[in-house]
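Contents: one structure, followed by commentary.
The values are calculated or read from the model by the stated rules, or taken from the named source; none is laboratory data. Note that this is a predicted model, so its numbers are computed, not measured. Cβ: placed from backbone, ideal geometry, glycine included. Neighbour counts: every protein chain shown.
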Amino acid sequence: MIKATMRLIFTDLDGSLLDHHSYSFAPAESLLIELESLGVPVIPITSKTAAELLTLREQLCNRHPFIVENGAAIYIPRDYFARQPDNSVLENNFWVLRNAPRRNHWQQLLAAIADDFKAEFNSFDSIYRTSGAAGIAALTGLEPQAAELANQREHSEPVHWLGSAERRLVFIDRLQKAGATVLQGGRFLNIGGATDKGVAMLQLRDLYLRDADQSHCATLAIGDSNNDLAMLEQASSALIIKSDHHSFPTLTRSDNCYFSDQLGPYGWVEGVSQWLQQTLGINIKSDQKES
């Protein structure tokens with residue numbers, strides 16, 4: 001018997017599935033339910049923390065694995081696959097694969113160069129120590145409780161750059177020479193290890209393939225910014241969500257690419273619906289448009 005092609009969706013959150021301003025995913029709710037009924041896992045892959053995802057996946061009614069801090073760690077619900085992945089550890093009913101050093105490593109690196117960049121950047125850690133969760137909430141637009149979760153990072157340190165564009169390049173160069181990977185997200189520079197969303201996506205994809213005893217699956221990567229480029233380049237198909245903050249990230253590929261006309265979760269619905277129609281012949285009806 002020929003097995004049906006497995007399909008996986010790996011999605012960025014802020015500015016993609018979640019509205020950049022309100023963090024709402026309401027326009028995508030009905031499509032998320034439809035995807036679940038079709039057996040197409042929607043896998044968050046984000047710069048957010050595990051603490052944030054544990055709360056959000058309940059709101060999303062999502063039971064699937066998730067990837068946090070730009071690929072630094074993969075969380076797989078216990079017994080989701082037939083056997084525990086190699087090199088994973090069991091923590092709070094999740095099999096966890098960790099791909100990067102812990103947060104304090106990056107905090108120490110930032111502290112070592114702080115005197116050379118006085119008043120030019122703030123880190124989540126420095127904001128939290130000065131102003132608590134309220135300080136992070138003011139910067140991100142998150143509610144204080146959500147800001148508390150956003151600060152529970154395990155493998156990276158977000159930085160809010162305050163200096164000039166020229167000095168920003170010098171700052172990034174210093175960090176890279178010290179061994180950090182610096183990724184530009186929607187709002188922040190994320191300082192962490194030599195991981196990215198593309199590597200982690202392929203790690204998890206291979207676990208799905210092993211579990212299903214298959215050699216191929218169709219993957220759709222969804223994102224809106226430069227820190228999504230690695231997964232957008234490596235997935236079978238790429239959906240790039242339009243942003244009102246920046247232009248589309250530049251891809252080297254041109255095949256199987258979708259560019260949304262709408263923003264955030266509206267663009268998410270638009271692009272995923274097109275992908276489903278072209279790959280499965282399923283026509284998803286959606287009358288929702290941006291207001």
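Any residue that is β-branched (Val, Ile, Thr), in a helix (DSSP H, G or I) and assigned by TED's automatic domain parsing to the domain that holds SER215 - is there at least one of those in the range 4-25? The answer is no, given that none of the residues of the range 4-25 is β-branched (Val, Ile, Thr), in a helix (DSSP H, G or I) and assigned by TED's automatic domain parsing to the domain that holds SER215. If only residues of the range 1-39 that are surrounded by 18 or more Cβ atoms within 10 Å (Cβ to Cβ) and among the β-branched types (Val, Ile, Thr) are counted, the one that is nearest to ALA230 (Cα to Cα) is THR11. Do the conditions hold for GLU120, that is, is it modelled with pLDDT of 95 or more and on the phi < 0 side of the Ramachandran plot? Taking the combined requirement at face value, the residue satisfies it. So for the range 154-164 (the condition being crowded, with 19+ Cβ neighbours inside 10 Å, among the polar types (S, T, N, Q) and touching a Pro at 6+ places or on another chain (Cβ under 7 Å)), does at least one residue qualify? Checked the range 154-164: no residue is crowded, with 19+ Cβ neighbours inside 10 Å, among the polar types (S, T, N, Q) and touching a Pro at 6+ places or on another chain (Cβ under 7 Å). Among the conditions (1) under 18 Å from GLN176 (Cα atoms); (2) touching a residue at least 12 places away in the same chain (Cβ under 8 Å), ASN93 misses just one, which is (1). Residue pairs whose Cβ atoms lie under 7 Å apart, sitting 6 or more positions apart in sequence or on different chains, and linking a residue in the range 25-36 that is closer than 15 Å to ARG57 by Cβ to a partner that is in a helix (DSSP H, G or I) and not hydroxyl-bearing (Ser, Thr, Tyr), are PHE25/LEU60; PHE25/PRO265; ALA28/PRO265; ALA28/TRP268; ALA28/VAL269; LEU32/LEU60.
With respect to ALA114, determine if the residue is surrounded by fewer than 19 Cβ atoms within 10 Å (Cβ to Cβ), small (Gly, Ala, Ser) and on the phi > 0 side of the Ramachandran plot. In short, no.
Conditions (1) surrounded by 12 or more Cβ atoms within 10 Å (Cβ to Cβ); (2) farther than 30 Å from LEU31 by Cβ, marked per residue:
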| site | (1), (2) |
| --- | --- |
| GLU58 | no, no |
| GLU91 | yes, yes |
| LEU97 | yes, no |
| LYS118 | no, yes |
| GLY141 | yes, no |
| ARG167 | yes, yes |
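Does THR252 satisfy the criteria of being touching a helix residue (DSSP H, G or I) at 6+ places or on another chain (Cβ under 8 Å) and either in the same structural domain as ARG83 (by TED's automatic domain parsing) or surrounded by fewer than 22 Cβ atoms within 10 Å (Cβ to Cβ) (or both)? In short, yes. For LEU110, the criteria (1) in contact with a Ser or Thr (Cβ under 7 Å, 6 or more places away or on another chain); (2) in contact (Cβ under 8 Å) with a residue 60 or more places away in the chain; (3) assigned by TED's automatic domain parsing to the domain that holds LEU202 hold in every case but one, which is (3).
Residues are listed down the side, and each one gets a yes or a no for (1) closer than 24 Å to SER236 by Cβ; (2) among the aliphatic types (A, V, I, L, M); (3) more than 18 Å from the chain's Cα centre (by Cα):
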{"residue": "THR11", "(1), (2), (3)": "yes, no, no"}
{"residue": "ASP19", "(1), (2), (3)": "no, no, no"}
{"residue": "PRO41", "(1), (2), (3)": "yes, no, no"}
{"residue": "LEU56", "(1), (2), (3)": "no, yes, no"}
